[in-house]
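Engineer: The structure follows.
Readers should treat all values here as calculations from the given coordinates under stated rules, not as data from a laboratory. Bear in mind that the values here come from a model prediction, so they are computed numbers and not experimental data. Here Cβ is always computed from backbone atoms with ideal geometry, including for glycine, and neighbour counts include all displayed protein chains.
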Amino acid sequence: MSEMKFPDGFLWGGAVAAHQLEGGWQDGGKGVSVADVMTVGSNTTPREITDGVIPGKNYPNHEAIDFYHHYKEDVKLFAEMGFKCFRTSIAWTRIFPQGDEQEPNEEGLKFYDDLFDECHKYGIEPVITLAHFEMPYHLVEEYGGFANRKVIDFFVKFATTCFKRYKNKVKYWMTFNEIDNQSSFNNEFMMTTNSGLIFSKDTNNEAAMYQAAHYELVASALAIKEARKINPDFEIGCMINYTPVYPKTSAPKDILLAQRVDQRRNWFSDVHVFGEYPKETEAYIERNGYRSDITEEDKVILSEGVVDYVGFSYYQSMTVSADKIDADHLVDPSDVIAKNDYLEVSDWGWPIDPIGLRYSLNLLTDRYHLPLFIVENGLGAFDKVESNGEIHDDYRIDYLRAHLEEVKKAVVLDHVDLMGYTPWGCIDLVSAGTGQMDKRYGFIYVDKNDEGVGTMERSRKDSFYWYKKVIESNGADLT
Ligand code: BG6
């Protein structure tokens, strides 16, 4: 394997999201986003979603790692590692602070002009997600987020504004980050970050999710249709959290359940790619009387606004057991998760499964016949700074190496068409799930802790030098 390389032009890089690193939550006319009303949590305490910003609470995204003011220094470090691309998102609230304005905010637009210029200075291609967990909070309060059809127009306006402004600076786009996460519809965090839904005790979460997700998919398709007119050379993908589903045993009832969980989670990308709902999903929606608002025009839009590639994050696989709930009684996929005795877990309990990534690459290729892009992968871990300032994160290197070995087999041996690889949180940032700083993914350490204390100084971890070598050798040298 060591002499095998990745194809020429392979997009090596790293991934982040605006709200998790930019900070500057009120700078340059930025409005309040849903990420700005989420407090810090922990491994055991969920983040609180507050009713607006409440003084005295700890909102980690407000300052994050202050990339807003440090981006030149950070992009320079990415360039030192040899990045060919950099995946980030555009904060919707920098462009439309409330979400429903007529005109965009010039200062917000200018920030991303400067950031993209800085990337291009080093030959780094921006890879841009439009909505990465941060809808304007005003759209949640006033309109109920994507529970409301009107929000489609606000998203399309935001997307079109970005496509026009950056048409010569950005080629690779994705519409919604991990749109399929909301299949865990009883998880309020997932629903608020994806669709801007805030639940009350009377809400039927599952019904709300199917309707909101439909509006998002229409919004995505409409945006893609507009994008094609603005620049036919754009490459526009969807972005899903791909988690392969394994049966706990080879008992047929476990196998059928695993298939059903896969169907509940992975229909979103089917709509993005094929422009229509898959049969089983449609049957389930009809049987339950969900998604009452779908028009003939929506169906045409979905069929016309399909994607060019499938971007996905991969962190773990999921194992399910039909011991308590079988395929015909499945409601929320989270209810049937079982322990996989063959896999170790991270400090945050996420199963570590490199072979699952090769399996996923093959499965998605067979299913979609489209290029794939691994736009997130990585290990959230505690790091220790030695007295001399060094950070020996060999556990992170081991994790990434094991995954890249499997990726390489998928590309070189199985001929999966893979555009690139952007490990998550290439610089330490605020965790989306817990709001922590100490759940670190980066090659670059940022001196700041969960309480928000630190100098913000950046330093190179051992993994920084390892990844630099990987990129330099185009993946031939993973040692
Ligand atoms: C993905 C998201 O779900 O996983 C990122 O796209 C997120 O925004 C990443 O940060 C890792 O999750 P967490 O909860 O460890 O930050």
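Engineer: Ordered by residue, what ³J(HN,Hα) values in Hz, to whole numbers, does the range 216-229 give under the Karplus form 6.51 cos²θ - 1.76 cosθ + 1.60, where θ = phi - 60° and Gly and Pro are x?
Structural biologist: 5, 5, 5, 4, 4, 5, 5, 4, 5, 4, 5, 4, 4, 6
Engineer: How about the range 324-401: which trypsin sites (Lys or Arg not before Pro) there are in a DSSP loop, with at most 12 other Cβ atoms within 10 Å of their Cβ?
Structural biologist: The qualifying sites are Lys324, Lys339, Lys384.
Engineer: Size of the range 125-274 along its principal axes in angstrom, Cα-based, largest extent first?
Structural biologist: 54, 36, 23
Engineer: Something else about it: Measure of size requested: the Rg and Dmax of the range 185-271, with Cα atoms as the atom set and Å as the unit; please supply both.
Structural biologist: When restricted to the Cα atoms of the range 185-271, Rg and Dmax are 16.6, 52 Å.
Engineer: GluC sites (Glu not before Pro), restricted to the range 234-310: which are DSSP loop and have at most 16 other Cβ atoms within 10 Å?
Structural biologist: Counting only loop positions with at most 16 other Cβ atoms within 10 Å, the GluC sites (Glu not before Pro) in the range 234-310 are Glu276.
Engineer: So what is the relative contact order for the chain, in percent, with contacts set as C-alpha pairs under 8 Å and at least six apart?
Structural biologist: Across the chain, relative contact order equals 19 percent.
Engineer: Follow-up question, since we're still on this one. Based on the alpha carbons, how large is the Rg to Rh ratio for the range 7-115 when Rh follows Kirkwood?
Structural biologist: 1.03
Engineer: Quick check on the range 332-479: take the gyration tensor over C-alpha atoms, sort the square-rooted eigenvalues as a ≥ b ≥ c, and tell me if it's rounded (a/c under 1.5), prolate or oblate.
Structural biologist: In terms of gyration-tensor shape, oblate.
Engineer: Could you give me the ³J(HN,Hα) list for the range 449-454, computed from phi with Karplus coefficients 6.51, -1.76, 1.60 and θ = phi - 60°, whole Hz, x at Gly and Pro?
Structural biologist: 10, 4, 7, x, 9, x
Engineer: Let me ask another. Could you give log10 I(q)/I(0) at q = 0.15, 0.19, 0.27, 0.28 Å⁻¹ for the range 305-380, computed by the Debye formula over C-alpha point scatterers of equal weight, without solvent?
Structural biologist: -0.69, -0.97, -1.17, -1.20
Engineer: Another question about this same structure. Test of the criteria: in the range 355-420, which chymotrypsin sites (Phe, Trp or Tyr not before Pro) are in a DSSP loop and have at most 13 other Cβ atoms within 10 angstrom of their Cβ?
Structural biologist: For chymotrypsin sites (Phe, Trp or Tyr not before Pro) across the range 355-420 that sit outside H, G, I, E and B with at most 13 neighbouring Cβ atoms in 10 Å, the list reads Phe382.
Engineer: In whole Hz and in residue order, list the ³J(HN,Hα) couplings for the range 417-427 that follow from phi through the Karplus curve 6.51 cos²θ - 1.76 cosθ + 1.60, θ = phi - 60°; x for Gly and Pro.
Structural biologist: 8, 10, 7, x, 9, 10, x, 5, x, 4, 10
Engineer: Restricting things to alpha carbons, tell me how big the chain is in terms of Rg and Dmax, in Å.
Structural biologist: Answer for the chain, Rg first and Dmax second: 21.1, 65 Å.
Engineer: While we're looking at this one, here's another question. Within 10 Å of each residue's Cβ, count the other Cβ atoms and sort Ile444, Ile427 from fewest upward.
Structural biologist: Neighbour counts put them in this order, fewest first: Ile427, Ile444.
Engineer: Could you name the lysines whose alpha carbon sits less than 18 Å from that of Lys448, not counting residues in the same chain fewer than 8 places away?
Structural biologist: Lys57, Lys384, Lys439, Lys461
Engineer: Roughly how far apart, in whole Å, are the Cα centres of the range 340-371 and the range 453-470?
Structural biologist: Result: 26 Å between the Cα centres.
Engineer: Could you check how many percent of all C-alpha pairs in the range 100-156 are farther apart than 13 Å?
Structural biologist: In whole percent, the long-distance tail amounts to 70.
Engineer: Shifting gears a bit: Considering only C-alpha atoms, what is the centroid distance from the range 401-417 to the range 131-210, in Å?
Structural biologist: Measuring centre to centre over Cα atoms gives 33 Å.
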